[in-house]
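Participant: Pasting in a structure now, in structure tokens, and then I'll have a few things to ask.
The values are calculated or read from the model by the stated rules, or taken from the named source; none is laboratory data. Since this is a predicted model, take the numbers as computed values, not measurements. Every residue, glycine as well, gets a Cβ built from its backbone with ideal geometry; the counts of neighbours run over all protein chains shown. Quick note on the areas: whole protein, heavy atoms, side chains included, nothing else; ligands and nucleic acids left out. Shrake-Rupley method; radii C 1.70, N 1.55, O 1.52, S 1.80 Å.
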Amino acid sequence: MLAMQLAALAEDPPGAAEALELVTAFDEALANGLGRLDERGTQAIIGLAGAVAATPLGDRAGEAAEKVAAGSVAGEHLTALAGARAALLGAVHDALLTHLDDSLGRTRAPWPPAPAEGSAAGAGPTAQAAAGPGSTAQTAAAVGGAGAAMGNLLVGCRSWLHELAITGWRGVGHDLASAADQAIEAVLAEPGLRRLAVLTDGLAGELRASSPVAAMEKVPVRRWADLWTRAVLLSEPDWLGTPEPAELVSGRLLILGVDVHEHATVVQAQVHAVLESAGGEARVVRAAVSAGKVDTIVGPAIWSLLEGYPVLTGALAGGRSVEITDMPLLGGGDLVWQEDRAAPQGAADPFATARVMLAGALAPATPPLDRHPARIAEPVFLEGYTTAKTGDRISLDGHDLAVAVDRLPSSGPLTPKLMATSTACVGLLRWDAGRWLLQPLAIQATVKKQPVEEHTGAWAQGPTDPKVVRSLARAGDAVTVLRERAGRLLRR
Amino acid sequence: MTADLTAWEQSSVTRVVPPLEPRKLAKVPFVELADGRLQGVVSSGSDIERVYVSSIAAGTYAYNCSTNNNRQCGGLTGYPCKHLRSLVDEAVVQYGIERVARYLRVPDPDSTDAGELRRSMLEGQHEPAPAAVVFSRFLRHLAYLELPATTAPLPELHWFPASGAVR
């Protein structure tokens, strides 16, 4: 990224602030509960519905706002309002991403249009077909009886989400926070519903830890409204019927870095990379692997949960490229990772990849229903900047960019201190709470006059820092201890 | 009208639950602050097949320790047994003493006198409590490790960034 691009990026896209103001008003109403709206809350939901009036959602959102304002809150109304909120944030996402592409001169693939009615079966592989038998793609089982069984599982989650909306975050106590435990357990057992399961489990965990919410000084209104909205949409049976288009791809995968996600009961390592096909065409892709965990598995220990993917973790730890053959690539730029279609290759420097290939690589479109500013994670390369002492800000020719140092995972060697000494960085551009941020994935720095390079995925096959190895050894292997307990106690 | 919301309140990726500290799990594999109690599962020192369910109630500090089949722990002789002491020690490592003290409603949870806070938590009376609920929560906890790993993307996890690098 150049200083000039950074300067262009800093300007807000028109309309985004106004749209977010409507969202914030709705989020405040949701925090107080849609079951008993005051004047301001009523205005907020009418404002939200008004913003989508000219869209296909208009009629349903308008009717929902009217009914909810009159005090009659039914599930379908809440779904319509969640849809309106998602549409508004989707528009903000689109404005931000277009602005990013314009500022950086990035080319993005268009979203594949939906196949024409009736030709769906013959229109090439979908996520469903591409992911193969036993797939865990959300979309994989939206057929026949399986779909109906899953529909029943959704009911429990949905009624909890409705109760939360009616009560409002500020009315949530221990009982309501835990009321969905059984429903979530049932959804977790169904691989096709994993997205909904990890989302509702994460939300429930936060509400449990925050109960009674009335005692909280401040409520994370945007965050919980985001999670609620997505959960409401994911628990709609119709969501299952929209498989993401997919194609089979081959080529050399050049890794840029890994973004680690986790809450108490799940971990996901999402690799960002450039895929170079035989014809020399390059595009930006991602590959994610995830596993269930518990809250006591923290830091570098999380990698042992992903040991079933040695090619991917080996490439991260060893700084190698990977040759992939006929791997499914979803329309949103996500490879559905399959170890047996991946072969480790020689060393590949992420800085060289970022420097040489990133600017010309085709960026993927975001699937329409996933569009939200929090989903923006655009790989970038920066060098020649100065850093704040705390590492939380960089400056390029007088143009500042905040660094998301709180997104540096304890599972890797990259720290705010290292960031503060860095001279070059491969990272993800993020957008949150009204500003752009840089999330570092890899840095080059000078420590004690020696050049060093660190990556968030450097410990993907175990820590390499002797201090961390010793402290892990002292604590004992959490995963092994718990698996032993599980083996002894779980099947009795 | 919304200008009074802080950046924290307008953030989508705000951290709500503080991260846990790593700890040795062999002796006390499970600790949680839930259902109005500090509760957990303590491995028996003598029998690898046996575990104890120990709990301390918020507010009253009423304690209990029994096997998962509800047989009272032999160590409860008018005082908290060693399992309960281990439970408190490990909870303090995992959550930090302030968070445990706050949950148990110990007066002055910000006090720097950790010994005093710890003594307060253990000065209640024995009161039978059902072990089965806690034990089944522990089994549910362990079941997460049995979930098959997946490679379908989970875009919702963009809301749950890993954090905590402070070394």
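Participant: Which residues in segment A:395-435 place their backbone N less than 12 Å from a point set 7 Å from the Cα of A:Thr386 along the Cα-to-Cβ direction?
Facilitator: Under cut-off, by backbone N: A:395-400.
Participant: Continuing with the same structure: I need the phi-derived Karplus couplings for segment A:255-272: 6.51 cos²θ - 1.76 cosθ + 1.60, θ = phi - 60°, integer Hz, Gly and Pro marked x.
Facilitator: Here the 3J(HN,Hα) series is 7, 9, x, 10, 10, 9, 10, 7, 10, 3, 10, 8, 9, 9, 10, 10, 8, 9 Hz.
Participant: Between A:Val356 and B:Gln125, what's the calculated FRET efficiency when r is the beta-carbon distance and R0 is 60 Å? Round to 0.05.
Facilitator: On the way: r = 71 Å, r/R0 = 1.18.
In this case the efficiency is close to 0.25.
Participant: State to the nearest 20 debye the size of the charge dipole of segment B:30-143 about its Cα centre, where the only charges are +1 on K and R beta carbons and -1 on D and E beta carbons.
Facilitator: 300
Participant: Pairs to check: A:Lys293/A:Lys449; A:Lys467/B:Lys27; A:Lys389/B:Lys24. Give those whose C-alpha atoms are more than 29 Å from each other in this structure.
Facilitator: Values: A:Lys293/A:Lys449 40 Å; A:Lys467/B:Lys27 24 Å; A:Lys389/B:Lys24 35 Å.
In this structure, A:Lys293/A:Lys449; A:Lys389/B:Lys24 lie more than 29 Å apart at Cα.
Participant: Something else now. At 1.4 Å probe size, with the rest of the protein present, what percent of the exposed accessible area of segment B:30-143 is carbon and sulfur atoms?
Facilitator: On the way: 2530 of 5160 Å².
After summing per-atom areas, the C and S share lands at 49 percent.
Participant: Go ahead and run the numbers for FRET between A:Val155 and A:Lys449, Cβ-Cβ distance against an R0 of 60 Å, rounding to 0.05.
Facilitator: Efficiency computed from Cβ-Cβ geometry: 0.40.
Participant: Compute the long axis of helix A:466-475 from its Cα atoms, compare it with the longest principal axis of the Cα atoms of chain A, and write down the angle in degrees, 0 to 90, nearest 10.
Facilitator: 50
Participant: On average, how much accessible surface per residue is there in chain A, in Å², for a 1.4 Å probe, leaving out ligands, DNA and RNA? The partial results should precede the final answer.
Facilitator: Working: 19080 Å² over 492 residues.
Result: 39 Å² of accessible area for each residue.
Participant: Separate question: For segment A:370-492, what % of the accessible area comes from carbon and sulfur atoms, probe 1.4 Å? Walk me through the intermediate numbers first.
Facilitator: Numbers: 2780 of 5360 Å².
For segment A:370-492, the apolar C and S fraction of the accessible surface comes to 52 percent.
Participant: I'd like the interface area for chains B and A: accessible area of each alone minus the complex, both sides summed, 1.4 Å probe, protein heavy atoms only. What is it in Å² to the nearest 100?
Facilitator: Summing both sides, the interface buries roughly 7300 Å².
Participant: When all C-alpha to C-alpha distances in chain A are sorted into bins of 10 Å, what percent of pairs does each bin hold, rounded to whole numbers?
Facilitator: With a bin width of 10 Å, the distribution comes to 4, 18, 28, 29, 17, 5, 0.
Participant: For chain A, find the longest principal axis of its Cα atoms and tell me its angle to the long axis of helix A:221-234, 0 to 90°, nearest 10.
Facilitator: That helix lies at roughly 80 degrees to the long axis.
Participant: Go through segment B:1-86 and name the chymotrypsin sites (Phe, Trp or Tyr not before Pro) that are in a DSSP coil and have 16 or fewer other Cβ atoms within 10 Å of their Cβ.
Facilitator: B:Trp8
Participant: Sticking with the crude label model, points 7 Å out along Cα→Cβ, report the distance from B:Asp47 to B:Arg102 in nm, one decimal please.
Facilitator: Taking the simple label geometry, B:Asp47 and B:Arg102 are separated by 4.0 nm.
Participant: At a Förster distance of 25 Å, what's the computed FRET efficiency of A:Thr480 paired with B:Arg71, Cβ-Cβ distance as r, to 0.05?
Facilitator: 0.30
Participant: Can you tell me the orientation of helix B:82-95 relative to chain B, as the angle in degrees between its alpha-carbon axis and the longest Cα principal axis, to the nearest 10?
Facilitator: Here the helix axis deviates by roughly 10 degrees.
Participant: Tell me the accessible surface of A:Ile46 in square angstrom (1.4 angstrom probe, heavy atoms of protein chains only), to the nearest ten.
Facilitator: Solvent-accessible area, nearest 10 Å²: 80 Å².
Participant: Going by a ≥ b ≥ c, the root eigenvalues of the Cα gyration tensor, does segment A:246-360 fall in the rounded group (a/c under 1.5), the prolate group (a/b larger than b/c) or the oblate group?
Facilitator: Prolate.
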